[in-house]
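Step one of this worksheet: look at the structure below.
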Amino acid sequence: CGSGGELSDKRTPTGTQSITTSSDYSALYVANTDHGTIGRIPLAAGGAVTDVRVGERPTRIARANGRVFVTLRGERKVAVLEEQGGALVEVGTVDVGAEPFGVVASADGARVYVSVSLSNKVVELDGGSLAILREFTVENQPRWLALHPSGESLFVASAMGGHLTWIDL
């Protein structure tokens, strides 16, 4: 974050998405739910598309500090990959609960937030150790997340009933 709650790099994604850029902005990463992969699409002409197998039903993706976080709805987990020389390498998974859907990371990668829709909660992970730090109860199948650029507020939209929840971090 920059001063006044602004991002130091305005290209940093702050909301739940199924596509994001690599850290150096040379490629796109795309969650491919049907095939259980993350596609890496180079932006330069002639680059080959590669797929990294991550697990069952990858749904949303976030990137911060050289790591890529992917919700795996079919496995109750978040897959964690690292960017290594133009490739993505899986370094582990974190069990979070039934149907993880949305994921967003702080700009510095210190915190990662995961909406776990059927468990009615949002999980806060340490971006380095991947330990679960806190859990917040959010009713009505929380799915979509938006992190305020200041890192002090998290907004959660639920699938049922049109609920929007604000979490003071």
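The values are calculated or read from the model by the stated rules, or taken from the named source; none is laboratory data. Computed from a predicted structure; not experimentally measured. Cβ atoms come from the backbone with ideal geometry, glycine included; neighbour counts cover every protein chain shown. All accessible areas refer to the heavy atoms of the entire protein, side chains included, with ligands and DNA or RNA removed. Shrake-Rupley method; radii C 1.70, N 1.55, O 1.52, S 1.80 Å.
Couple of notes before you dig in:
- Portion, in percent, of the accessible area of the chain that falls on carbon or sulfur, probe 1.4 Å: 48
- Rounded accessible area per residue of the stretch 22-169, 1.4 Å, Å²: 44
- Charge dipole (the chain, unit charges on Cβ, about Cα centre) - positive-most of Ile41, Phe155, Leu88: Ile41
- In the elastic network of the chain, a GNM with C-alpha springs shorter than 10 Å, the most mobile of Val114, Val52, Val78 is Val52.
- Label point 7 Å beyond Cα of Glu90 along Cβ direction - residues of the stretch 23-53 with amide nitrogen under 17 Å: 30-40, 50-53
- Using C-alpha pairs below 8 Å separated by at least 6 residues, the relative contact order for the chain is 16 percent.
- Net charge of the neighbourhood of Ile132, taken over other residues with C-beta under 11 Å away and scored Lys/Arg +1, Asp/Glu -1, is -2.
- The slack in the chain from Ala131 to Asp24, taken as 0.36 nm per residue of separation less the alpha-carbon distance, amounts to 35.9 nm.
- About the Cα centre, charge dipole magnitude for the chain (Lys/Arg +1, Asp/Glu -1 at Cβ), debye: 280
- Summed residue charge, Cβ within 12 Å of Thr37's Cβ, Lys/Arg positive, Asp/Glu negative: -1
- Length added when fully stretched, Glu82-Met160, from 0.36 nm per residue minus Cα-Cα: 24.7 nm
- Listed residues Val49, Val123, Val103, most fluctuating in the chain (Gaussian network, C-alpha, under 10 Å): Val49
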